[in-house]
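Working notes for the structure below.
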Amino acid sequence: MTSKNTAQTSTRLLLALWDLGGTQQEVKKGQLTKRIVSKSKKAADYQGLFEELQNQGVIAISKKGYSLTSPEGLEVLGKGLRSGEFKFEGTIVGTWVANALVKWISQIDVAVTGADVPVNGKSAIVSYDEFKSVALEVYDKLNYEYNFNNLVPIYRIRRGIGDRISRTEFNDWLLETQADDILQLQGGSVEDSAPDKIEDSVATELDGLRCYATRLKP
């Protein structure tokens, strides 16, 4: 399978998983493979593709089925559908595909990562400048309300911003605020060493784990 065919198959797979409710619940393996496996192939032929998508954090796999991660899975699906390489081969398109595309257009905004995509009533953050503004607003609010004495836990900032930004962009842009001398990221550990709070902090190869942020600029 060429890279182009792989991309098309991945998008078709993710569309089927989304259409089957994969963002809200686990979809049984047989239910998904029934939609995506062509007559000339078998389910085992798709195993490598499933594993690749799992490694990318796009889908989750259990013994019983699959689920589509959010927001990463939705972002990848949206990009795949908008790609100039995505098209259907042959003259017949399955009814489920056409219906799924209609549902996608009606339920999902024009661009999953666009500036006006609502996330819990608030728009997604799509630029570094917007991130700076929101992050500092959250920082100031937390620092004032919880009396952190200008040493705000990074996991609290991440959770304060929520799903308006992907984990990767949060990490990259938070580190950029340090490079711009806006925030200083500091080491140590969270108060109770909880694994989920440490995971929601930021780690770099050079500096290691950073759990707190101090504002440098007013």
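The values are calculated or read from the model by the stated rules, or taken from the named source; none is laboratory data. All figures in this text were calculated on a predicted structure; none of them were measured in a lab. Positions of Cβ are generated from backbone atoms using ideal geometry, with glycine treated the same way; all protein chains shown enter the neighbour counts. Just so you know, the surface numbers come from the protein's heavy atoms only, side chains and all, with ligands and any DNA or RNA stripped out. Shrake-Rupley method; radii C 1.70, N 1.55, O 1.52, S 1.80 Å.
Values as computed for the structure displayed
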| item | result |
| --- | --- |
| Considering residues of the range 206-218 that are among the hydrophobic types (A, V, I, L, M, F, W, C) and in a loop (DSSP other than H, G, I, E, B) only, the residue most open to solvent (accessible area, probe 1.4 Å) | LEU206 |
| Odd one out for ALA203 among (1) surrounded by 17 or more Cβ atoms within 10 Å (Cβ to Cβ); (2) aliphatic (A, V, I, L, M); (3) under 23 Å from GLU75 (Cβ atoms); (4) at pLDDT below 90 | (1) |
| Output for the range 2-28, where each listed residue is open to solvent by 70 Å² or more (accessible area, probe 1.4 Å) and either at pLDDT 80 or above or on the phi > 0 side of the Ramachandran plot (or both) | ARG12, GLN24, GLN25, GLU26, LYS28 |
| Any hit, the range 161-179, residues being open to solvent by less than 50 Å² (accessible area, probe 1.4 Å), touching a Cys at 6+ places or on another chain (Cβ under 8 Å) and either modelled with pLDDT of 90 or more or farther than 30 Å from ILE105 by Cβ (or both) | no |
| Odd one out for ARG210, checked against (1) under 24 Å from SER70 (Cα atoms); (2) touching a Ser or Thr at 6+ places or on another chain (Cβ under 7 Å); (3) among the charged types (D, E, K, R) | (1) |
| Condition met for ASP192 (of a type in the set (D, E, K, R), under 26 Å from LEU206 (Cβ atoms) and either within 20 Å of the chain's Cα centre (by Cα) or exposed (fewer than 12 other Cβ atoms within 10 Å of the Cβ) (or both)) | no |
| Pairs with Cβ under 7 Å, 6+ apart, first in the range 177-190 and under 11 Å from LEU151 (Cα atoms), second open to solvent by 70 Å² or more (accessible area, probe 1.4 Å) and of a type outside the set (S, T, N, Q) | LEU183/LEU216; GLN184/LEU216 |
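For every residue, the table says whether it meets (1) under 29 Å from VAL58 (Cβ atoms); (2) basic (Lys, Arg); (3) touching a strand residue (DSSP E or B) at 6+ places or on another chain (Cβ under 8 Å).
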residue: SER123; (1), (2), (3): yes, no, no
residue: ARG159; (1), (2), (3): yes, yes, no
residue: ASP163; (1), (2), (3): yes, no, yes
residue: THR168; (1), (2), (3): yes, no, no
residue: ASP172; (1), (2), (3): yes, no, no
residue: THR177; (1), (2), (3): yes, no, yes
residue: VAL190; (1), (2), (3): yes, no, yes
residue: VAL202; (1), (2), (3): yes, no, yes
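Every residue, every condition in (1) over 19 Å from ILE165 (Cα atoms); (2) modelled with pLDDT under 85; (3) exposed (fewer than 13 other Cβ atoms within 10 Å of the Cβ), yes or no:
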| position | (1), (2), (3) |
| --- | --- |
| SER38 | yes, yes, yes |
| LYS63 | yes, no, yes |
| VAL110 | no, yes, yes |
| ASP116 | no, yes, yes |
